[in-house]
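Each value in this text was obtained by applying a stated rule to the coordinates, not by laboratory testing. No experiment lies behind these values; they were computed from the predicted model shown. As a convention, Cβ positions derive from the backbone with ideal geometry for all residues, glycine included, and neighbour counts pool all protein chains shown.
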Amino acid sequence: MEYVEPVVGIANCLGTPVCKYLQYHRKLNDYVRNFKRIRDELNCKMEDIELQLKAELLRPLGKIPKQGVENWLKAVKEMIREAQVVENKVSNGRYLCRACNGKLVDEKTREMKEFLDKAPNASEALAMDGPSAGLPLPTSELVGEEAVRNEIWACLMQEELSRIGVWGMGGVGKTTIMKHIHNDLLKEQRFERVIWVTISKEFNVMKVQDNIASALESKEYLDKEEDKLRRAAILSEMLKNAGKHVLILDDVWHKVSLEEVGIPEPSGSNGCKLVLTTRSEHVSCCQGMCGSTSYNCRGSWYHERRRYPSYLEKCTRGIKRENRKS
């Protein structure tokens with residue numbers, strides 16, 4: 001049986017002119033060297049395209065790969081896998097199979113050369129504009145909270161205000177109000193991105209980093225990095241490249257260091273906003289948000305509390321607006 005494969009291989013080569021057959025046999029090593037050179041060139045080209053594409057997807061965020069680039073990368077990866085199979089077969093081939101292996105190597109080399117010739121032009125953009133600033137969040141109807149919603153909205157529309165804290169006991173509607181504002185911000189299109197991240201009671205820096213990166217559709221850039229400081233640096237760069245954005249951190253229970261997570265300081269100069277919801281007024285005031293001027297805004301619900309003290313337990317909430325000097 002050990003001679004069956006060589007015989008079948010020779011039979012498959014019978015259609016090849018004798019001189020070409022002999023050339024495949026005699027110059028197999030030359031064909032293999034050329035094969036490896038083209039394969040390495042193709043692999044390098046693929047890595048260069050991937051690096052350039054990643055850079056374009058980060059500057060600015062919201063870009064997506066062009067379909068032709070994605071298709072080329074997918075096909076090239078498959079071609080390189082096939083090339084490895086060919087290389088393994090040739091390295092383990094018998095002497096009688098030299099001509100057939102030479103032909104196989106030559107054909108695969110030509111295929112890889114075609115992929116090189118059809119590679120995306122590095123001087124042209126590999127990515128294009130992606131979807132909108134974000135997707136609307138499902139939420140219930142907003143009943144009797146229009147004054148609160150309008151007050152928070154007014155804060156967001158003021159250029160000099162970059163950080164807003166919304167606080168109140170659980171169940172009073174902080175998250176529902178902010179979901180409506182999130183969706184309204186998408187409709188208004190005043191910001192390039194509107195990012196929603198739920199923090200929750202069990203706070204974990206790396207989880208928060210992952211959630212923000214996922215919202216930016218760029219989590220893969222953090223997946224291979226375990227160092228918190230480097231992750232924070234990468235996330236900070238992502239958010240800076242996201243352009244003018246609103247970052248909403250919902251259900252914050254504890255003090256959060258923006259620097260530790262990797263959230264750049266929002267300011268009037270960059271046009272970014274940071275909003276958090278929390279049950280604790282202390283947390284809303286002490287998120288590193290205190291600046292030269294502090295605003296404690298109360299809407300119509302505050303006056304309702306003064307008129308009907310029994311209403312206090314149901315509707316207590318506050319909004320902290322912070323304005324830092326540039």
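Miscellaneous remarks
- In plain terms, the residue of Leu137, Leu186 with the fewest other Cβ atoms within 10 Å comes first and the most crowded comes last, giving Leu137, Leu186.
- The local environment of Val205, defined by Cβ-Cβ distances under 9 Å, has a net charge of +2 under the rule Lys, Arg +1 and Asp, Glu -1.
- Peptides 75-82, 103-110, 200-207 ranked from most to least packed, by the mean per-residue count of other Cβ atoms within 10 Å: 103-110, 75-82, 200-207.
- Working from label points 7 Å from Cα in the Cα-to-Cβ sense, the Asn71 to His254 distance is 5.0 nm.
- Pairs from the table (Lys74/Lys244; Lys207/Lys273; Lys66/Lys219; Lys66/Lys108; Lys66/Lys174; Lys74/Lys187) lying more than 30 angstrom apart at Cα are Lys74/Lys244; Lys66/Lys174; Lys74/Lys187.
- A straight Cα-to-Cα reach below 16 Å connects Lys103 with the lysines Lys20, Lys27, Lys36, Lys89, Lys113, residues fewer than 8 places away in its own chain not being considered.
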